[in-house]
Amino acid sequence: MIEQQPLTSRYRSAHENSTAQSGTDPRVLLASIVHDFNNFLTPIVTIMEEMQTQKMGSPGQLRRIEAAIFSAFRAKTLARQLLDFANPRKLQPAAVDISQLLESLEPVLASVLPTGVVIRFDVAGNLPPALIDRQLMERALLNLVINARDAMPDGGEVVVAAAIDRQPGGRAATRDPMIRLSVRFETWGCPTSRPKVAEQASAL
């Protein structure tokens, strides 16, 4: 019979070994913990999504399953942020087609929204390429959409928009063009109250 070492003891031993060795970066230990966390979380999310798809449970149980899936996605986002801290990388700017970027992200962004929240894209035509780090932009958009979702417990609409804008200052004809990428949301809330609208924007 093989006795499995508890995770707390395992990480404590790893930390003691890393600190005993000169020049060892403790971020290596952090990366190891985050990788294990992701490995534990993935099958949990998979099983919950199967239960949700097959409608295994009462309406109340299905709502709790949906909430658990959303929490798991937030945990995976946090894990990615911790990995970025543990393994920092240089920015990798490149010319990116914003229309194509948003089109590829649509199913990902829609997957983190509950049934009471819809997502809509308002993208201007003929946008020029933007010089950005694609991976960081995808992560920023995902975080903004998740924040919008959390602010709409009663349902609503998320709008991701992209359009040509001009940098402030000087005459409009002489300003350098830029792409304004924004995420705004409108929550229905109480039927007797006015919809709440908020917007977060980023200039590219």
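Here is how the numbers come out for the structure above:
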| quantity | calculated |
| --- | --- |
| Pick from the stretch 145-168, criterion outside any helix (DSSP H, G or I), without any contact (Cβ under 8 Å) to a residue 40 or more places away in the chain and not aliphatic (A, V, I, L, M), ranking: farthest from P93 (Cα to Cα) | D154 |
| Count of the stretch 158-177 residues which are modelled with pLDDT under 90 and either within 18 Å of the chain's Cα centre (by Cα) or surrounded by 15 or more Cβ atoms within 10 Å (Cβ to Cβ) (or both) | 2 |
| Pairs, first basic (K, R) in the stretch 109-128, second not in a loop (DSSP other than H, G, I, E, B), C-beta under 6 Å, six or more apart | R120/V159 |
| The stretch 143-156, residues that are more than 13 Å from L181 (Cβ to Cβ) and of a type in the set (A, V, I, L, M, F, W, C) | I146, A148, A151, M152 |
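The values are calculated or read from the model by the stated rules, or taken from the named source; none is laboratory data. What you see is a predicted model, and the numbers here were worked out from it, not measured in a lab. Cβ: placed from backbone, ideal geometry, glycine included. Neighbour counts: every protein chain shown.
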